[in-house]
């Protein structure tokens, strides 16, 4: 149902770099900012990246966001066990009224 | 410190209504909006809409239009979300979140920076 597509899973060993893609279209990522949220197991989501590549205070610089055309990416460098969580991209979609859309979500596993 | 405290879990029968509250503290309530996001069991996030803390203007996602009402009480810094005609597929955790919107480099931004812990709503006969 979501218009933003993410891979269902990604994994890496501690210290590795993991990248998560978010694919959209011209009505959402192609013409609007992208945001990323982290949801640790059993907890509420947390803002990780805003306006494509900005980190809120307190978010480690191991997390970085980028956007190109109708796609965006979240990279986690120096992977740590506490990074094991679900990650969601999000963007405004111009095609429908009041539509703030989330991606399908990616489960990151630290091996 | 910014906090959003939500009301407790609810169990409702199909066709009933539910009203979830979200009490804000630690910031100027009227300077930000409140959004409502739900998450069905094992599923992803879905934005239901938001309400301005300044003037009460609302913006509902199309699929909830006519079934949801979001309100605020600025005297108690509390936001409310009422969902009517409940169905079994409305069973979900409902989150409120502080909502920021504006312009940056001539483009609009919209995001949620602080979230409540969530309210579980179960719809079952």
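Which of the residues belonging to the range A:89-111 are buried (at least 19 other Cβ atoms within 10 Å of the Cβ), part of a loop (DSSP other than H, G, I, E, B) and touching a residue at least 40 places away in the same chain (Cβ under 8 Å)?
The answer is A:93, A:104, A:105.
What is the one condition in (1) within 12 Å of another protein chain (Cβ to nearest Cβ); (2) on the phi > 0 side of the Ramachandran plot that residue B:39 does not satisfy?
That leaves (2) as the condition not met.
Does residue A:60 satisfy the condition of being modelled with pLDDT of 95 or more, at the interface with chain B (Cβ under 9 Å from one of its Cβ atoms) and not in a strand (DSSP E or B)?
no
When the residues of the range A:21-53 are narrowed to those that are more than 14 Å from every other protein chain (Cβ to nearest Cβ) and not in a loop (DSSP other than H, G, I, E, B), which ends up nearest to the chain's Cα centre (by Cα)?
A:21
Please determine whether any residue of the range B:68-80 is assigned to a loop (DSSP other than H, G, I, E, B), within 14 Å of another protein chain (Cβ to nearest Cβ) and crowded, with 17+ Cβ neighbours inside 10 Å.
No, the range B:68-80 contains no residue that is assigned to a loop (DSSP other than H, G, I, E, B), within 14 Å of another protein chain (Cβ to nearest Cβ) and crowded, with 17+ Cβ neighbours inside 10 Å.
Regarding the range B:84-97, can at least one residue be identified that is surrounded by fewer than 23 Cβ atoms within 10 Å (Cβ to Cβ), in contact with a strand residue (DSSP E or B) (Cβ under 7 Å, 6 or more places away or on another chain) and within 14 Å of chain A (Cβ to nearest Cβ)?
Yes.
The values are calculated or read from the model by the stated rules, or taken from the named source; none is laboratory data. Worth saying up front: this structure is predicted, and the values here are computed from it rather than measured. Please note: Cβ atoms are built from the backbone with ideal geometry, for glycine as well, and neighbour counts cover all protein chains shown.
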